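Inspection log for the structure reproduced underneath, given as structure tokens.
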Amino acid sequence: MAIHPSSYDPETSTTHYTFLPGQPDSGHRKSIKVVSVILLSSFFLLYLAAFVILNNQPPNLQNKSPSASETLTPATPSRGVSQGVSEKTFKDVSGTSQVSYTWSNAMLNWQRTAYHFQPQKNWMNDPNGPLYHKGWYHLFYQYNPDSAIWGNITWGHAVSTDLIHWLYLPFAMVPDQWYDINGVWTGSATILPDGLIMMLYTGDTDDYVQVQNLAYPANLSDPLLLDWVKYQGNPVLVPPPGIGVKDFRDPTTAWTGPQNGQWLLTIGSKVGKTGIALVYETSNFKLLDGVLHAVPGTGMWECVDFYPVSTLDANGLDTSYNGPGIKHVLKASLDDNKQDHYVIGTYDPVKNKFSPDNPDLDCGIGLRLDYGRYYASKTFYDPKKQRRVLWGWIGETDSESADLQKGWASVQSIPRTVLFDKKTGTHLLQWPVAEIESLRSGDPKVKEVNLQPGSIELLHVDSAAQFDIEASFEVDRVTLEGIIEADVGYNCSTSGGAASRGILGPFGVVVIADQTLSELTPVYFYISRGADGRAEAHFCADQTRSSEAPGVAKQVYGSSVPVLDGEKHRMRLLVDHSIVESFAQGGRTVITSRIYPTKAVNGAARLFVFNNATGAIVTASLKIWSLESADIRSFPLQKL
């Protein structure tokens, strides 16, 4: 990147955000004629067009009908789509109206998390530009300072020394220029060899055109990076010929190219229904020929991420690293279905092409980072601990009116380390950062339970709303090997949940349940056997009975998960009030759940272990830690 900051004296600044001198105000647009450029040329479009050429349920797990006073309210308006970003409002399945519920303040207060990052109030979505600088981890995030619904997107900013205990800082950037007046949207940080930090982000212009802009810290010696300056030459990138003005967003961290001093980055887009990743060279922000990768039928790619993983070592790699023993990960957030997909493959830096190891598992048609409520994820390389760390946005699945009543919406996931799964060779391994264990309170409660078919057992814990549990399950070997009946086509989403029984499942834990099991969220394994006799494990999270309130998401999330010879069925859950993050087999498959109970709150939550299989005895071994609060609060700037 050949852009260098102009001089700036933070001592003369009256605010922690720096307005640009001599720039046109938001009401007068810089004359770049974005739209006319796009309409006049079709070469790029032509290039891409060529490219495209329960049976018998035991009583404790029966489904129960909810009892609640229901009223119909007008349909929630769409938010974000008209401006060219993904839908930011949870839509009820009815499409035209939604059922509201009379939430008490006690219920809504209970939903707020204790150790997940979220602002003090109002709306939050994508994580932006995470980085490590002078002893502090920095997280920027999409934020609405005015309301608990999407809009007026500003960059919030927080710092931490351990990725868990966060301190809020003043806004990093606000929408105040013609090129970002309708939103300072998602961006990424690149740290150059000389220590310079460059933040490239998407701005939504006064004409609702998506453009890319540069910003940089005013004072690199400041560990908190309080002051940011927008580059006077913004925007540095506009939609190229053939790309829609609302289909050009979310630049990645840059990496070094094959030529000396060359830096490259990729931006998500689409042509027709083909999702694509464009590549730019940053010395003059030139669009390179072709695309990094494209997958027909996947639609708009948002929040693209691209980074190397080691096939040999258990550590993360800087984004520019390449060579022997390296695979690359390409991840895209699919605007059409709001899912984060990834694919592992090989990157050719000379041809500037990415090739998937298995085309059947290509980006958008294969593996997902998370099979639950998880979107717009972003990684960064942590040089302090030599690891790659993943953030993700966990959105709401309740009504907008409930969010407005409680005064906030959305949280960030617990940061996860990302490694290549050397055992399967096909998956990533995601795992909560080790620092989360600093919140564990005392020694774990250890329990081993022999679970007969159709059994469920209460686990006595200090807090069933705020804990970390590791559990392994061993299925009776004789039963497992003796089953010859085929169970073809099992799918978590269409299975009917934990109440639907098979010979070899489901078995797992039940979280955020009330004593009578009228509300419960089971997280479980189910073993199916195909016509060829091979066993296949599935990892599922059942929200169908998570709440008696109408108007909230109630579905079964999950996917198959490889369980290799000699491995037990293992899961780890981080439960934090209305958030449950579930990791199977060391993080090969991950599910994030948002739940909104009405009974299992304020001390009434219970934890169970169960085996609802009809023909298998399961031995469960569990370790359970209560977790303390992360005490997320404002930074004491007055003490500086």
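The values are calculated or read from the model by the stated rules, or taken from the named source; none is laboratory data. Because the structure is predicted, anything quoted here is derived from the model rather than measured. All Cβ positions, even for glycine, are placed from backbone atoms using ideal geometry, and neighbour counts span all protein chains on display. SASA here: full protein model, heavy atoms, side chains in, ligands and nucleic acids out. Shrake-Rupley method; radii C 1.70, N 1.55, O 1.52, S 1.80 Å.
What to note about this one:
- Inside region 495-511, residues that are hydrophobic (A, V, I, L, M, F, W, C), buried (at least 24 other Cβ atoms within 10 Å of the Cβ) and outside any strand (DSSP E or B) make up a count of 2.
- If the condition is being among the hydroxyl-bearing types (Ser, Thr, Tyr) and open to solvent by less than 20 Å² (accessible area, probe 1.4 Å), then region 251-289 contributes THR252, THR266, SER269, THR274, TYR280, THR282.
- Among the residues of region 380-390, just one is open to solvent by less than 10 Å² (accessible area, probe 1.4 Å) and more than 24 Å from PRO562 (Cα to Cα), namely ASP382.
- In the condition set (1) within 25 Å of LYS422 (Cβ to Cβ); (2) open to solvent by less than 10 Å² (accessible area, probe 1.4 Å); (3) assigned to a loop (DSSP other than H, G, I, E, B), PHE306 is compliant with all but (3).
- Complete set of residues in region 593-640 that are open to solvent by less than 10 Å² (accessible area, probe 1.4 Å) and more than 25 Å from GLY372 (Cα to Cα): ALA616, VAL618
- Matching residues, region 512-536, being touching a Pro at 6+ places or on another chain (Cβ under 8 Å) and either among the aromatic types (Phe, Trp, Tyr) or open to solvent by 10 Å² or more (accessible area, probe 1.4 Å) (or both): ASP514, TYR524, PHE525, TYR526
- Among the numbered conditions (1) more than 30 Å from SER82 (Cβ to Cβ); (2) buried (at least 20 other Cβ atoms within 10 Å of the Cβ), the only one that PRO223 does not meet is (2).
- In this structure, SER355 does not qualify as among the small types (Gly, Ala, Ser), within 18 Å of TYR307 (Cβ to Cβ) and under 14 Å from the mean Cα position of the chain (by Cα).
- Matching entry among GLY372, GLY364 (being closer than 17 Å to TYR557 by Cβ and either open to solvent by 20 Å² or more (accessible area, probe 1.4 Å) or not in a strand (DSSP E or B) (or both)): GLY372
- Check on ILE149, open to solvent by 30 Å² or more (accessible area, probe 1.4 Å), part of a loop (DSSP other than H, G, I, E, B) and at pLDDT 95 or above: yes
- Within region 230-239, being touching a strand residue (DSSP E or B) at 6+ places or on another chain (Cβ under 6 Å) and open to solvent by 10 Å² or more (accessible area, probe 1.4 Å) holds for TYR231, PRO235, VAL236, VAL238.
- Which numbered condition LEU334 misses (of (1) open to solvent by less than 10 Å² (accessible area, probe 1.4 Å); (2) at negative phi; (3) in contact with an Asp or Glu (Cβ under 6 Å, 6 or more places away or on another chain)): (3)
- Looking only at region 452-491, residues that are assigned to a strand (DSSP E or B) and either out of contact with any helix residue (DSSP H, G or I) (no Cβ under 8 Å at 6 or more places or on another chain) or not assigned by the TED database to the domain that holds GLY587 (or both) come to 13 in all.
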